[in-house]
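What follows is calculated from the coordinates using simple rules that are stated; it is not laboratory data. Note that the structure is a prediction, hence the values are computed from the model and not measured. With ideal geometry, Cβ positions are generated from the backbone for all residues, glycine too; neighbour counts draw on all protein chains shown.
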Amino acid sequence: MEYTLDMAVLAILIAFCVNIVLCPVFIPFLTKIKFGQNIREDGPNSHLKKAGTPTMGGIIIIISFIISSFFFLQDNFEAKLVVFSTLGFGLIGFLDDYIKVVQKRNLGLRAYQKIILQFAVSIAMIYFIVQYGDYEKMHIPFTDKMLDLGGLYIPFLLFIIIGTANAVNLTDGLDGLASGVTALVSTFFIFVSWAVGSGTLPVAGAATGSLLGFLLFNAHPAKVFMGDTGSLALGGFVVSMAIILKLPLFLPIIGLIYVVEVLSVIIQVGYFKATKGKRFFRMAPIHHHFELKGMEETRIVTLFYVITAILCLVGYLGTAGIF
């Protein structure tokens, strides 16, 4: 099958339309059943007014993504793998949100439960990747060369899948931040998929359309949050796209915001333990550090959008040796 940009545009439009139809119906429903966001007491004071805002809006993202993708799956293994990854991590996020919101246990899934579930989804992904695909070699940015990790490939995949999913999850902390940044990253994947003729093209379009529709309701001031349901699903989407397109080494470029967010948490925790209680940042992830230093939420989000857009362009230049 030939994958054209028209196919991606159609997927974008379907997902976008489904999203803007579902959100006005689903958001009042979430409010009615009191699926409201809990706000950290030690967080920025400006976030306290967000308490009670409907969460678990990631369900809308996933539904519109699946409906749009459905029209293009057929015998498309690559698209099916992306959908599986998105759904798998989205389900973990849903369980986490359900425990937080419905069972009123603020921490959600326990750490060991999250790790076990994420390992299970990751191992299933790796099985399908190794058994049915040919993705062992990875493109090296700005060259026409490829990296073959040999026996280290599977451990590398396990690390990159879980790491990326959680990095995207940590990026979801400001109105429109994770959805906007990931919409830009998925647009990058659209053009790469089109250039190499990959079956991931329509699902990249479906993700972009879904996120653009969701942004209408998630941008500041947010009427709905995606919750871990959405952010973990997006992490699964981003990492599966990168693996299938053989672009894991591009993630630190196009997904620099994700990397910085997760590194800020690692640094904060490590420094806190090493100094017995001192903090390196005012608060982690780093977007909260900027907030507590006085930057407006919308300015931080815009800054992160611009950085991501520029780095996606840089990343596209880095693919010159692939096409």
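Positive end of the charge dipole of the chain (Lys, Arg +1 and Asp, Glu -1 on Cβ, about the Cα centre): tell me which of G151, V168, G227 has its Cα farthest that way.
My answer, from the dipole projection, is G227.
Using Cα pairs closer than 8 Å and at least 6 residues apart in sequence, work out the relative contact order for the chain, in percent.
Working: 550 pairs, mean separation 92.0, N = 323.
Reported as a whole number, the value is 28 percent.
Once label points are set 7 Å from the Cα along Cα→Cβ at both V9 and N106, what is their separation, rounded to one decimal in nm?
5.0
Cα axis of helix 177-196 to longest principal axis of the chain: angle in degrees, 0 to 90, nearest 10?
The angle comes out near 0 degrees.
FRET efficiency for Q131 and I307, Cβ-Cβ distance as r, R0 = 30 Å, nearest 0.05?
Working: r = 37 Å, r/R0 = 1.24.
The pair Q131/I307 has a calculated efficiency of 0.20.
Given the options L73, P28, F84, identify the residue whose Cα lies farthest towards the positive end of the charge dipole of the chain (+1 on Cβ of Lys, Arg; -1 on Cβ of Asp, Glu).
After comparing all options, I get P28.
Working out 0.36 nm times the residue gap between V265 and F70, then minus their Cα-Cα distance, what length gain in nm do you get to one decimal?
Working: separation 195, 0.36 × 195 = 70.20 nm, distance 3.67 nm.
Length difference between fully extended and current span is 66.5 nm.
Using r as the Cβ-Cβ distance of V21 and A274, and R0 as 30 Å, what FRET efficiency do you calculate, to the nearest 0.05?
Working: r = 51 Å, r/R0 = 1.70.
Here the calculated transfer efficiency is 0.05.
Within 13 Å, Cβ to Cβ, of V168, how many net charges do the neighbouring residues add up to if Lys/Arg are +1 and Asp/Glu are -1?
On the way: positive: none; negative: D172, D228, E261.
That works out to -3.
Taking the inverse of the average 1/r across all pairs of different Cα atoms in the chain, what Kirkwood radius in Å do you get? Working shown, then result.
Details: mean 1/r = 0.0505 Å⁻¹.
When all Cα pairs of the chain are included, the Kirkwood radius is 19.8 Å.
Taking the dipole about the Cα centre of the chain, with the C-beta of Lys and Arg at +1 and of Asp and Glu at -1, give me whichever of M138, G236, F119 is farthest to the positive side.
F119
Which distance in nm do the two modelled labels at I140 and I116 give, with both placed 7 Å along the Cα-to-Cβ direction?
Spacing of the two 7 Å Cα→Cβ label points: 4.2 nm.
For the stretch 107-178, just the Cα atoms, rotate onto the principal axes and tell me the three extents in Å, largest first.
Principal extents (largest minus smallest coordinate, Cα): 43, 28, 18 Å.
If one takes the longest principal axis of the Cα atoms in the chain, at what angle in degrees, from 0 to 90 and to the nearest 10, does the Cα axis of helix 201-218 lie?
Tilt of helix 201-218: around 20 degrees.
Sequence gap of 8 or more, or different chains, plus Cα separation below 23 Å: how many lysine pairs satisfy both in the stretch 5-250?
The result is 25.
Please give the charge dipole size of the stretch 5-250, origin at the Cα centre, charges +1 on K and R Cβ atoms and -1 on D and E Cβ atoms. Round to the nearest 20 debye. Can you show the working numbers first?
On the way: 15 positive and 14 negative charges, 174 e Å.
That gives a dipole near 840 debye.
Using alpha-carbon positions, what is the distance between the centroids of the stretch 8-25 and the stretch 166-218, in Å?
Here the two parts' Cα centres lie 13 Å apart.
I need the calculated FRET efficiency for the pair F156 and E296, taking r as the beta carbon distance and R₀ as 30 Å, to the nearest 0.05.
Working: r = 39 Å, r/R0 = 1.30.
Step by step, r from the Cβ atoms, then E = 0.15.
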